[in-house]
Amino acid sequence: MSRPSRSATPQPRADMALLEHYVKMILAAPVYDLAICTPLQAAPALSQRLGNQILLKREDLQPTFSFKIRGAYNRLAQLGPEQKRRGVITASAGNHAQGVALAARELGIKATIVMPASTPELKVLGVRSRDAEAILHGESFPFALAHALSLAQSSGSTFVSPFDDPHVIAGQGTVAMEILRQQQGALDAIFVPVGGGGLIAGIAAYVKYLRPEIRIVGVESEHSNCLQQALAAGERVVLPAVGTFADGVAVAQIGEYGFQICRHHVDQVISVSNDQLCAAIKDIYDDTRSITEPSGALAVAGIKEYVAQSAVSGQTLVAIDSGANINFDSLRHVAERAALSN
Ligand SMILES: *Cc1c(COP(=O)(O)O)cnc(C)c1O
């Protein structure tokens, strides 16, 4: 389930150079053309219940209701004029798609997005309403990805990975830059939801370069724990099957660029069940009156599991509240399951 802390281990120079490279890209990322600096908000009821100070980084408040706009905009902003003219194509379970669609519209670039057939309707509408072309293809992300890659090859447009790209990682890393500015006092650990690993890689690179004592804890769905399995195997493995309840993180293989960072700079990875996610959606609602999507509640579910496992108290723990794109109809299921878990 978890690995011992690596944060005290001095890192070799080449590795620090890699982190420094990302820190520079993060500081230079022009994400605020579209993204906002989101609040880092206290969760008083949860804090009291868990005996630790819990802070929520409210990425569900971004213009597309998830942090993905950061990486997508940073990637598209780096394209040359010819690449911009040919357009971009991507595959996404939904939130990256909306980020790319909004970023492309802002920059005047044509965008085509391949989404798995299981994608919630409001994520599909979120793409179409931003003038991008949405193609529904495949039963889960890997199938959509393969289709998008072949379309990119035949059309000459640029493929924009949702996570496996240094500019995407750097864009997501701006979340960490904000957290370190917003929380200048005690900060013991940051809990980060993990799908393909772009978000956690950007956060880990920034935080471990500047504040290596802060723990970086990845949180995965137990139905798509590709980082946990890759760390255990010492290499990127492909999961034979992936559950899609937490559709924002339903990824079968951790990204190559992200894994380069995560294998040395992520202190621990926790996995949680779907019922734990439903309970965490309720916890977030109770403290904020906001509703998150299942992936968006991963970090809070991870904090609860972490506190239960390690019995820490009096610590300051940050959860990335990563997204809010949930179909209204699924709330009935979430509420039912939340009633059975805590
Ligand atoms: C994409 C996404 C994640 C995971 O980000 P990765 O960079 O793929 O690890 C987590 N939560 C939400 C809401 C997302 O959309």
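So which GluC sites (Glu not before Pro) in segment 160-237 pass both tests, a DSSP loop state and at most 16 other Cβ atoms within 10 Å of the Cβ? Mind dumping the intermediate values first?
Working: sites: GLU178, GLU213, GLU220, GLU222, GLU235; in loops: GLU213, GLU222, GLU235.
Here the GluC sites (Glu not before Pro) that fit, given the DSSP loop and packing criteria, are GLU213, GLU222, GLU235.
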Problem - Surface share of carbon and sulfur [accessible, 1.4 angstrom probe, percent] for segment 166-295 - result: 46
Fill in the blank from the handout: Contact order relative to length for segment 68-159, counting C-alpha pairs under 8 Å separated by 6 or more residues, stands in percent at 32
Handout entry: Cα centroid of segment 282-319 to Cα centroid of segment 99-159, whole Å
Key = 31
Exercise for the section: Go ahead and collect, in residue order, the members of segment 170-192 whose backbone nitrogen is under 16 Å from a label point 7 Å along the Cα-Cβ direction of CYS37. Expected result: 173-185
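Computing the accessible area with a 1.4 Å probe over protein heavy atoms, can you report the carbon and sulfur percentage for segment 1-143? Don't skip to the answer; put the middle values down first.
Details: 3650 of 6470 Å².
Carbon with sulfur: 56 percent of the solvent-accessible area.
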Completion exercise
Straight-line reach check, LYS123, cutoff 28 Å on alpha carbons, 8 or more apart in-chain or any other chain, hits among lysines -> LYS57, LYS68, LYS84, LYS110, LYS282
Practice task
Give the relative contact order (percent, whole number) for the chain; include only Cα pairs under 8 Å separated by 6+ residues.
Solution key: 22
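Within 12 Å, Cβ to Cβ, of LEU136, how many net charges do the neighbouring residues add up to if Lys/Arg are +1 and Asp/Glu are -1?
Around LEU136, the surrounding residues sum to -1.
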Practice task
Putting +1 on Lys and Arg Cβ atoms and -1 on Asp and Glu Cβ atoms, find which of ALA104, SER92, LEU149 reaches farthest to the positive end of the dipole of segment 68-159.
Solution key: ALA104
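The values are calculated or read from the model by the stated rules, or taken from the named source; none is laboratory data. Predicted model only: the values in this text are computed from it and were never measured. FYI the Cβ positions are ideal-geometry reconstructions off the backbone, even for glycines, and counts take in every protein chain you see. Quick note on the areas: whole protein, heavy atoms, side chains included, nothing else; ligands and nucleic acids left out. Shrake-Rupley method; radii C 1.70, N 1.55, O 1.52, S 1.80 Å.
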